[in-house]
1. Suppose the filter is modelled with pLDDT under 95, assigned to a helix (DSSP H, G or I) and among the hydroxyl-bearing types (Ser, Thr, Tyr); does Thr41 pass it?
2. Being more than 24 Å from Ser10 (Cβ to Cβ) and in contact (Cβ under 8 Å) with a residue 40 or more places away in the chain narrows it down to one residue among Ala61, Ala96; which is it?
3. With the requirement that a residue be under 27 Å from the mean Cα position of the chain (by Cα) and in a strand (DSSP E or B), what does region 181-225 give you?
4. Looking at Gly81, is it under 21 Å from Ser278 (Cα atoms) and touching a Gly at 6+ places or on another chain (Cβ under 6 Å)?
5. Take the residues in region 26-55 that are among the aliphatic types (A, V, I, L, M) and buried (at least 24 other Cβ atoms within 10 Å of the Cβ), then tell me which one is nearest to Ala370 (Cα to Cα).
6. Report whether or not Asp317 is outside any strand (DSSP E or B), closer than 16 Å to Glu14 by Cα and of a type in the set (D, E, K, R).
7. Under 30 Å from Leu306 (Cβ atoms), within 16 Å of the ligand (Cβ to nearest atom) and modelled with pLDDT under 95: does that describe Pro250?
8. If the Cβ limit is 7 Å and pairs must be 6+ apart or interchain, which residue in region 280-303 that is at negative phi and touching a residue at least 60 places away in the same chain (Cβ under 8 Å) pairs with which residue that is of a type in the set (Lys, Arg) and part of a strand (DSSP E or B)?
Amino acid sequence: MEKRPAYSSSYWLEEENQAGTFPPVQEDLETEIVIAGGGLTGITTGYLLAQKGHKVIILEARELFSGTTGYTTAKVTAQHGLIYDELISHIGLEGARKFYEASNQALNFISTYCSSQSEKYDFSFQGASVFATNDDEQRQIELEQKAYEKLDIPFEIASGLSFDATAKTVLTMKQQAQFHPIKYLKALLEEFIQLGGKVFEHSPAVSVEEGSQMKVVTATGRKITCQKLVVGSHFPFIDKKGAYFSRLQPQRSYLIAVEPQNEFEGGMYITAGNPVRSIRQAAGQDSFIMLIGGEGHVTGRESNTLSNYLALEAYADEAFGIKQYLNRWSAQDLITLDKVPYIGPINQSSPNIFVATGYRKWGMTNGTAAALLLSDLIEEKDNPYIDLFTPSRFKADPSVKQAFAANMEVAGELIKGKLEPADKTLDEMENDEGAIVKVNGQKTGVYKDPQGQFHAVDPTCTHMGCECNWNDGERTWDCPCHGSRFSYTGEVIEGPAFMSLESITIDQTE
Ligand code: FES
């Protein structure tokens, strides 16, 4: 096997670089609709609205696709792991049926767009399978199968897999799909721009002035006057008393791309329980490659994230054999209290500001379902999924509620971060290592790069003051409270924070 990749880089973004570089907002502007977030939700919503003749501006905080969209497994399916049995018990049969229908509608939208030029988008129909590796998961699959029957979801049941991994029962939805997310979005983007849509990169929206006219304000103070705003950028950058910070949990998960030694018969797979293993094939330059994902955890709660890549590598090697290790990367996703995304008006008294978030790692279908719903909401058309996705609901899956209570204790994290001792001294640091170090009596986040150069920041998160932890797989500072992430030099990689960590100078001659 060739060497492991030293740095994290998405296979999708490396293979198919983004459509073009768009300028930042440099003057005050006026439009009809502003969309904050240049990922799948933002671009699809923009495309749908521009097609209907609306004037739309997309604002992206960094580069297009640089959020979760560029880091997905790009499975397009209504399956979403094990979900329907749980949905029936938490939101009822009708709610679960609507969730399936909305996901199917999203799958149909993508497949209709891609299928006339399947090769251009590396699009293919595939079965989506969830499989049990032990007796407990077997029982869960049986419950899920019963849920499929109640919801009239077509399925197949099999025992065993066509590749080298343990499986007791395999529950498959046929005619699901996989594609290349960036190739697909570049096509939508091109049409959006031809229809008059505008895109600005490096232009994070940071606040909204409401009055007779709404103005979206960027980090550089530019104002865009508009009638409606869509916030499609993970944590909404404004909360508007929607309590999103206590209703969304950020999670990271990991992916590797390898050229396999063994044949693979196709299909998309995911384990029914932990550790999660998500598997699919993708078209590489010269040969097919395998994408293996999993190892999710709450953002900022694990430092040794390199071990997650090692676990995926071991699985890939056993199941497929690794001829060449091509890429490794990770993604951030948000999970809602009832596992159903929040899509709709940000609160009941702000009908012109919409959010779409909480896709629970199934962003291709949930993001497309969001775009289809948002475009109807903006045009004030009726839509069968308004109530299902409304962010104003406050239902909670009991298991998720418990996990949230344990994990989202911001006050606890604030105190814990301040009390914890420094990890080590500067002298003890190895090259290519990050740690909390006491510098001039102050706790400092330090990364010592491969050349021995120190990069130091104040690890206090600029969002609400929790202390960030080092992430060794990505070489970033990650906040355990709401998942903001910063580069080792302090720049924001992932919100809700929009201000950099304060940089600290270290006297290296000491
Ligand atoms: Fe909220 Fe860090 S305190 S993301």
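The values are calculated or read from the model by the stated rules, or taken from the named source; none is laboratory data. Keep in mind that what you see is a predicted model, and the values were worked out from it rather than measured. Using ideal geometry, Cβ is built from the backbone for each residue, glycine included, and neighbour counts are taken over all protein chains shown.
1. No.
2. After applying the criteria, what remains is Ala96.
3. Passing the criteria: Lys198, Val199, Phe200, Ala205, Val206, Ser207, Val208, Val216, Val217, Thr218, Ile224.
4. The answer is no for Gly81.
5. Leu40
6. No: the conditions fail for Asp317.
7. Yes, satisfied.
8. Within 7 Å, the pairs are Arg280/Lys75; Leu291/Arg280; Gly296/Arg252; Thr299/Arg252.
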